[in-house]
1. With the structure loaded, tell me whether A:GLU99 is away from every other protein chain (no Cβ under 14 Å) and either under 18 Å from B:TYR34 (Cα atoms) or of a type in the set (Asp, Glu) (or both) or whether it fails that test.
2. Just to be sure, is B:GLN65 more than 8 Å from chain A (Cβ to nearest Cβ) and over 19 Å from the mean Cα position of the chain (by Cα)?
3. Regarding region A:67-82, can at least one residue be identified that is modelled with pLDDT under 90, open to solvent by 20 Å² or more (accessible area, probe 1.4 Å) and either at the interface with chain B (Cβ under 9 Å from one of its Cβ atoms) or assigned to a helix (DSSP H, G or I) (or both)?
4. Considering only region A:161-169, I want to know if a residue exists there that is charged (D, E, K, R) and assigned to a strand (DSSP E or B).
5. Quick one: in region A:83-128, of everything that is more than 23 Å from B:GLU48 (Cα to Cα) and charged (D, E, K, R), which residue is least open to solvent (accessible area, probe 1.4 Å)?
6. Hey, can you tell me all the residues within region B:77-92 that are loosely packed, with under 15 Cβ neighbours inside 10 Å and in contact with a strand residue (DSSP E or B) (Cβ under 9 Å, 6 or more places away or on another chain)?
7. List pairs: first in region B:112-139 and closer than 17 Å to B:ALA178 by Cβ, second of a type in the set (Ser, Thr, Tyr) and outside any strand (DSSP E or B), Cβ under 6 Å, 6+ apart or cross-chain?
8. Name the one entry in B:LYS166, B:LYS155, B:LYS187, B:LYS81 that is under 21 Å from B:LYS45 (Cα atoms) and either of a type outside the set (A, V, I, L, M, F, W, C) or within 14 Å of chain A (Cβ to nearest Cβ) (or both).
Amino acid sequence: MKKSDSYEEFIKGIWRDNPVFVQVLGMCPMLAVTNSAINAVAMGMATFFVLVGSSFLVSSFRNWIPKQVRISCFIIIIATFVTVADYTLLALVPKVHKELGAFIPLIVANCMILGRQEAFSSRYPVRLAVMDAIGMAGGFLLALFSLGAIREILGDGALFGIKLFGENFEPWVIMILPPGGFLTLGVILLFFNWFKFKKDEFLAEVAEAERGGG
Amino acid sequence: MNTGANAAAPSSLRLILTLAIAGLISGIAIIGIYESTLPTITANKARELREAVFKVLPGVSQMQQFVWRGDQLIAAEDLQKDEEAVYGGYDENGEFVGYAIPGAGPGFQDTIGLLFGFTPEQQLVLGMEVLESRETPGLGDKIYKDADFVGSFSKLSIDPEIVAVKKGTTSQPNEIDAITGATISSKAVVRIINKTHSDWIQRLPPPGSEPPLRQDAGDGS
């Protein structure tokens, strides 16, 4: 039973409650840094590290943090992890850090992260909080990667900088410009909503058939 | 969050202490990561600069930083705030080749920072490398991704100043092809080089009397 609980917390972030495609949170980095797959993955990894680290700490100290100052404490914890991520990226991969620019410090302001602390980590035990954070951050990483990959393939004819098509491919430049981010995100959201609609319809049909059969 | 609605509100002292401790731990963590990554970050920056200098000055294998200080150009390793520097490039025999001069100015979207190699003797630009830019991906970023454009700054005359002209219409040694679709970015690069050149040309010693490479300067590492 316990095992299925943490699995449930993990999988809901990846798919059912995906922070980007379903909750539509964290749109700022989502649109800004997904002009190539590598940037999207770097941003996703940084966010992953910050979210999982913060959730672990917030959940561990949830009984010591007075609720009057909880938001300030969450922000201190998140900001510390963001600074660590910022310097680590600057030291290890300066090129990627240069591309991501101001968006690394802005992870502090990603509403998805503070939202998870307030809604989940501060109320649940460490194991569940970490599973929830891994799920949510994984879902965010997945969403960033799919957007980054689609935009890079269409807009640059490449994936992770490796050219996929021949010389004759004319890059669809608008896809790596800001409008391309909105277009791609719009199409993906459309797909997710269509899928949900179809699923509900299917479930309703099944329920109808069961009632008829019974 | 065990302090439910019916529990007594914690004292102000406890609130202050909680935040103070959180701030203290956070501060220690940040100082720790700053101190531990600083050497790598500084080394990365120095290596990037050295690579860029060697790229814009072909044949150069040693460099020396010159700082414009107190109205004269002196060899110095340190760089104070508000001071400007150029890098002298020397070949393996210690012979002076040219200067690598950093410049910056407005581009299409944000500041473009670049470095160009310059030989005062022939008044030629030897190479150009964009160090930072946020130009439009796919269009403006060709100022550093388009090999033809970057290559056109090799042995380019800068006396009189460089002019960017429509692609395929270059006729003078001081003209280069602007990039189709990125005219503003191309012209910005040319303007930055011209301006930086005219700012520095008065400060550089006359051709032939360049300061020799200091023995302890090494390869700048």
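1. Judged against the criteria, A:GLU99 is not a match.
2. In short, no.
3. Yes: region A:67-82 contains one or more residues that are modelled with pLDDT under 90, open to solvent by 20 Å² or more (accessible area, probe 1.4 Å) and either at the interface with chain B (Cβ under 9 Å from one of its Cβ atoms) or assigned to a helix (DSSP H, G or I) (or both).
4. Scanning region A:161-169 turns up at least one residue that is charged (D, E, K, R) and assigned to a strand (DSSP E or B).
5. A:ARG116
6. Of all residues in region B:77-92, those loosely packed, with under 15 Cβ neighbours inside 10 Å come to B:77-83, B:92.
B:GLU77, B:ASP78, B:LEU79, B:GLN80, B:GLU83, B:GLU92 - these are the residues of region B:77-92 that are loosely packed, with under 15 Cβ neighbours inside 10 Å and in contact with a strand residue (DSSP E or B) (Cβ under 9 Å, 6 or more places away or on another chain).
7. B:ILE112/B:SER133; B:VAL130/B:TYR144; B:GLU135/B:SER185
8. Values: B:LYS166 fails: under 21 Å from B:LYS45 (Cα atoms); B:LYS155 fails: under 21 Å from B:LYS45 (Cα atoms); B:LYS187 fails: under 21 Å from B:LYS45 (Cα atoms).
None of the other options fit; the residue is B:LYS81.
The values are calculated or read from the model by the stated rules, or taken from the named source; none is laboratory data. Every value quoted in this text rests on a predicted model; they were computed, and no experiment measured them. Positions of Cβ are backbone-derived with ideal geometry, glycine not excepted, and every protein chain shown enters the neighbour counts. All accessible areas refer to the heavy atoms of the entire protein, side chains included, with ligands and DNA or RNA removed. Shrake-Rupley method; radii C 1.70, N 1.55, O 1.52, S 1.80 Å.
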